[in-house]
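A quick write-up on the structure given underneath.
The values are calculated or read from the model by the stated rules, or taken from the named source; none is laboratory data. Note that the structure is predicted; figures quoted are calculated from it, not measured. Virtual Cβ from ideal backbone geometry, glycine too; neighbours counted across all protein chains shown.
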Amino acid sequence: MTPSRSPRWLASVTGVAEALQALDAGADVIDAKDPGSGALGALPPSVVRDIVASLAGRAPVSATLGDRATMDPADLAAATLAMTATGVDLVKIGLFPHPGLAGCIAALRPLARRHRLVGVVFADRLAQYPMADALHALPRLLASAHWTGVMLDTADKRAGGLLAHAPPAALQGFVDAARHAGLLCGLAGSLAENDIARLAPLGPDLLGFRGALCRDAARARGFDPARLRSVAAAMRRARLDEPAHAGA
């Protein structure tokens, strides 16, 4: 995947059945995640491997490593290698606020040269990051360490969606910083279908969904086919509208 002005969408799935549902609905990226185990809960590698095999290359697959808030480079490197062995295209690593965060990003440079790593920044914890203006600083740090992409998400799914923690102007600054750094850029964090019209014009490469696709909008529940279709239709409309925003 390469950066693009046309928004695509990512669907977080818990297994093969949901992966195939998301693919049929038109999801551009299938994201292997355990929503019952935190913001970036990790599925067992065996389940991720089955998801990859079931899709047979029809869509890129990403996978999360779990909420590893200690930002220990050795721990993250081992988890990354175990996950890349499943055949996933992208590995999403939570960038939790920690005094050693910048050093951890740099320490993973050798892995980032061989595998496609995406750092996940948490909008509801921006004040806790050890660097000033994390929304601009972290994309620069990731690019300098050869990471592939950056996403903005939320850590506490009970505390409101992305737009409750970052206004559109701040999100635009983050997207622009990621693009300037040459990174794949995504926005996620309890996004609802009606957020698409506000976020797509900002120019992210990806919008990520879980709860909006599920029964009763509950991320721990299974997919609701009607919600899947509705989000897919809204993303198609956003793509049709994209040329009008290309100069924004």
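Given the criteria within 30 Å of LEU81 (Cβ to Cβ), buried (at least 22 other Cβ atoms within 10 Å of the Cβ) and of a type in the set (Asp, Glu), does ASP205 qualify?
On the way: within 30 Å of LEU81 (Cβ to Cβ): yes; buried (at least 22 other Cβ atoms within 10 Å of the Cβ): yes; of a type in the set (Asp, Glu): yes.
Considered against the rule, which asks whether it is within 30 Å of LEU81 (Cβ to Cβ), buried (at least 22 other Cβ atoms within 10 Å of the Cβ) and of a type in the set (Asp, Glu), ASP205 comes out as yes.
Does any residue of region 219-232 turn out to be more than 30 Å from ARG114 (Cβ to Cβ) and assigned to a strand (DSSP E or B)?
Of all residues in region 219-232, those more than 30 Å from ARG114 (Cβ to Cβ) come to 219-232.
Remaining after also requiring assigned to a strand (DSSP E or B): 223.
Yes, some residue in region 219-232 is more than 30 Å from ARG114 (Cβ to Cβ) and assigned to a strand (DSSP E or B).
Just the residues that are part of a helix (DSSP H, G or I), closer than 14 Å to ALA200 by Cα and touching a helix residue (DSSP H, G or I) at 6+ places or on another chain (Cβ under 8 Å), please, taken from region 174-188.
Going through region 174-188, the residues part of a helix (DSSP H, G or I) turn out to be 174-180.
Now restrict to residues that are closer than 14 Å to ALA200 by Cα: 174-176.
Hits for region 174-188 are PHE174, VAL175.
Which members of region 212-248 meet the condition of being out of contact with any strand residue (DSSP E or B) (no Cβ under 9 Å at 6 or more places or on another chain), closer than 23 Å to VAL150 by Cβ and either crowded, with 20+ Cβ neighbours inside 10 Å or modelled with pLDDT of 95 or more (or both)?
If the condition is that a residue be out of contact with any strand residue (DSSP E or B) (no Cβ under 9 Å at 6 or more places or on another chain), closer than 23 Å to VAL150 by Cβ and either crowded, with 20+ Cβ neighbours inside 10 Å or modelled with pLDDT of 95 or more (or both), then ALA212 is the only one that fits.
Take the residues in region 19-51 that are under 17 Å from the mean Cα position of the chain (by Cα) and of a type in the set (Asp, Glu), then tell me which one is farthest from PHE209 (Cα to Cα).
Here the residue is ASP34.
Out of all the residues in region 171-198, which are crowded, with 19+ Cβ neighbours inside 10 Å, under 18 Å from ARG219 (Cβ atoms) and either in contact (Cβ under 8 Å) with a residue 40 or more places away in the chain or charged (D, E, K, R) (or both)?
Applying the first criterion (crowded, with 19+ Cβ neighbours inside 10 Å) to region 171-198 yields 171, 174-175, 177-178, 181, 183-191, 195-196.
Okay, now just the ones that are also under 18 Å from ARG219 (Cβ atoms), so 186-191, 195-196.
Hits for region 171-198 are GLY186, ALA188, GLY189, ASP195, ILE196.
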